[in-house]
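Worksheet: the structure to be examined is printed underneath.
The values are calculated or read from the model by the stated rules, or taken from the named source; none is laboratory data. From a predicted model like this one, the values you see are computed outputs, not experimental measurements. Counting neighbours? That spans all protein chains shown, and the Cβs are built from the backbone with ideal geometry, glycine included. The accessibility values were calculated without ligands, DNA or RNA, using every heavy atom of the protein model including side chains. Shrake-Rupley method; radii C 1.70, N 1.55, O 1.52, S 1.80 Å.
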Amino acid sequence: MRDLYTTPSIHRGKEPNDTFNVLFLCTFNASRSIMAEAILNHLGQGRFCAMSAGDHAVGQIHPMALATLSEHGVPTMTLKSKSWEGFFGLAAPRLDFIIIVCDDSHEEMVLPAAQQPIKAFWPTPNPATGYGNETELRAAFEALYVSLESRIRKLLQLPMGELTRAQLWQQLMEIGRVTIG
C-alpha cells in the first residue's frame, strides 16, 4: 500500500474536472466564513464549491458583509448563516477542505488521516467587533474582504493534482500565515 501522506491523494477517485468542496468555519457564520464562501464560489469558477458554517451560528448575515461583497460584484443571493452541525455525520456533504477563519481558534492543525478533509487555519479578526463608528466598521469589512480575496486567489493558484496531501496542507497553512494589509 502506498503512503497516503506522500501520494497526491486529494485527487484519488476524482476526475480531473471534479469540484473540490471547501467548508469555511468561524464562530457566528455572520461575516468571515460567509464572505470566504461567497468569494471562493465567485472566483473559483466551478472548480470549488464553497460552503460556510459557525459553531454558534447567529442565523443572520451582518449587513456590512453583504454590502461589502456586493460592492465587489460578488453574488450574495444564496448566502445563509448556518450551524456547522449539518456538515458532519452520515448525511453531510463530502468535504475536501475545512478552513477555519476565526482569529481565536485553538484547534490543533495537523495533517489529517487519509479520507478526512484537509484542515487549515487562516486567522482572521472579526470585523464586527471593536469598531466605534460606521466608517471604522466599513474599513474593517473592506480589510476583511481584501485579506480573504488575497488568500483565496493563492488557494486557486495551487496545482492541486501535483501536490501530495502533506504539501497541500503545508501550502494551505502557509496561506493562513500571510499577513495582509
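Residues that are open to solvent by less than 50 Å² (accessible area, probe 1.4 Å), farther than 21 Å from Phe20 by Cα and at pLDDT below 85 within the stretch 75-111 comprise just one, Ser105.
Scanning the stretch 50-91 for residues that are of a type outside the set (Gly, Ala, Ser), under 12 Å from Met35 (Cα atoms) and touching a residue at least 40 places away in the same chain (Cβ under 8 Å) yields Met51, His62, Met64, Thr68, Leu69, His72, Leu79.
Residues that are in contact (Cβ under 8 Å) with a residue 60 or more places away in the chain, open to solvent by less than 50 Å² (accessible area, probe 1.4 Å) and not hydroxyl-bearing (Ser, Thr, Tyr) within the stretch 152-165 comprise Ile152, Leu155, Leu156, Met160, Gly161, Leu163, Arg165, listed in sequence order. Selection of the stretch 31-51 for residues being open to solvent by 20 Å² or more (accessible area, probe 1.4 Å) and either at pLDDT below 95 or part of a loop (DSSP other than H, G, I, E, B) (or both) yields Gln45, Gly46, Arg47.
Can you tell me which condition Thr124 does not meet? The list is (1) open to solvent by 50 Å² or more (accessible area, probe 1.4 Å); (2) at pLDDT 90 or above; (3) assigned to a loop (DSSP other than H, G, I, E, B), and all the others hold. Exception for Thr124: condition (1).
Considering the stretch 129-167 alone, what residues qualify as being outside any helix (DSSP H, G or I) and in contact with a Ser or Thr (Cβ under 6 Å, 6 or more places away or on another chain)?
Taking the stretch 129-167 first, the residues outside any helix (DSSP H, G or I) are 129-133, 158-159, 163-164.
Passing the criteria: only Thr164.
The set of residues in the stretch 52-74 that are part of a strand (DSSP E or B) and surrounded by fewer than 22 Cβ atoms within 10 Å (Cβ to Cβ) is empty.
Select, from Leu168, Leu172, Leu148, Leu137, the only residue that is open to solvent by 10 Å² or more (accessible area, probe 1.4 Å) and touching a residue at least 60 places away in the same chain (Cβ under 8 Å).
Leu137
Number of residues in the stretch 152-170 that are of a type outside the set (A, V, I, L, M) and more than 16 Å from Arg47 (Cβ to Cβ): the value is 5.
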